[in-house]
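Notes to accompany the following structure.
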Amino acid sequence: MGCHSRCRTILLGSRLGLFLVLLLLNACGRPIISGLEPQYPPAWNTVDSLRPTLKWESFPTERDTKEGARDFVQGISHVTYDLKVWRVNDDWPIRRVAPNGDLLVQAPEYTRTGLQEPRHMIEIPLQANSQYFWTVRARFLSQGSLRVTQSSEVIIIDDLQKYGLIQVHYHGFFTPAE
């Protein structure tokens with residue numbers, strides 16, 4: 001099992017467990033995707049239009065059937081996807097911590113729920129020459145109960161031993177000039 005595979009498997013556990021294992025593995029030296037993996041656009045690339053088609057892996061993933069969750073996967077039905085897109089704004093990051101410790105999240109610029117396929121063309125033109133973040137999660141029935149996956153994120157370790165920084169953010173892309 002390669003370093004990247006070990007890191008991805010760990011994401012099935014708790015965030016505290018993830019942090020401890022990342023310390024031990026030193027995060028394998030590259031970003032780790034948590035949740036459904038994006039397929040288009042590639043990270044921090046410019047998309048082909050102001051109404052791009054975002055794509056992600058379908059749920060349940062191939063990893064789910066290989067990682068000892070076969071019984072769980074067999075009970076999954078009625079899978080849909082929830083998509084959120086934010087324009088990055090200089091004066092307001094996507095997420096920040098309030099003085100009282102609460103996590104504040106900027107309202108998304110674009111949201112769609114109940115998507116039937118693991119892709120979606122943005123229905124309104126996005127702002128040209130802008131930076132965007134996006135995330136997706138699956139919503140599904142498992143043995144009759146409604147469940148959701150966590151929203152997809154990118155986990156990056158910035159020289160953990162030197163600075164102790166772990167960044168967690170959504171997937172990013174740039175829009176073209178008009």
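Which one of these is modelled with pLDDT under 65, out of contact with any Ser or Thr (no Cβ under 6 Å at 6 or more places or on another chain) and either surrounded by 14 or more Cβ atoms within 10 Å (Cβ to Cβ) or among the β-branched types (Val, Ile, Thr) (or both): 22, 83, 104? Full working, then the answer.
On the way: 83 fails: modelled with pLDDT under 65; 104 fails: either surrounded by 14 or more Cβ atoms within 10 Å (Cβ to Cβ) or among the β-branched types (Val, Ile, Thr) (or both).
Of 22, 83, 104, the one residue that is modelled with pLDDT under 65, out of contact with any Ser or Thr (no Cβ under 6 Å at 6 or more places or on another chain) and either surrounded by 14 or more Cβ atoms within 10 Å (Cβ to Cβ) or among the β-branched types (Val, Ile, Thr) (or both) is 22.
Do the conditions hold for residue 112, that is, is it part of a strand (DSSP E or B) and modelled with pLDDT under 90? Can you show your working first?
Values: part of a strand (DSSP E or B): yes; modelled with pLDDT under 90: no.
No: the conditions fail for residue 112.
I want to confirm something. Restricting to the range 144-178 and keeping residues that are at pLDDT 80 or above, exposed (fewer than 11 other Cβ atoms within 10 Å of the Cβ) and not aliphatic (A, V, I, L, M), which single residue is nearest to residue 41 (Cα to Cα)?
So, considering only residues that are at pLDDT 80 or above, exposed (fewer than 11 other Cβ atoms within 10 Å of the Cβ) and not aliphatic (A, V, I, L, M), the one nearest to residue 41 (Cα to Cα) is 145.
Where the second residue is not hydrophobic (A, V, I, L, M, F, W, C) and the first is at positive phi and lies in the range 131-148, which pairs have Cβ atoms under 7 Å and are six or more apart or on separate chains?
143/75
Kindly indicate whether residue 53 is modelled with pLDDT of 85 or more and surrounded by fewer than 16 Cβ atoms within 10 Å (Cβ to Cβ).
Details: modelled with pLDDT of 85 or more: yes; surrounded by fewer than 16 Cβ atoms within 10 Å (Cβ to Cβ): yes.
Yes: the conditions hold for residue 53.
Could you list all residues from the range 30-56 that are part of a loop (DSSP other than H, G, I, E, B) and farther than 22 Å from residue 177 by Cα?
Listed by number, the residues that qualify are 30, 31, 35, 36, 37.
Among the listed residues 63, 96, identify the single one that is at pLDDT 70 or above and either assigned to a helix (DSSP H, G or I) or among the basic types (Lys, Arg) (or both).
Working: 96 fails: at pLDDT 70 or above.
Answer to the check: 63.
The values are calculated or read from the model by the stated rules, or taken from the named source; none is laboratory data. As the structure is a prediction and not an experimental result, all values here were calculated from the model. Glycine gets a Cβ as well: all are built from the backbone with ideal geometry, and neighbour counts include every protein chain shown.
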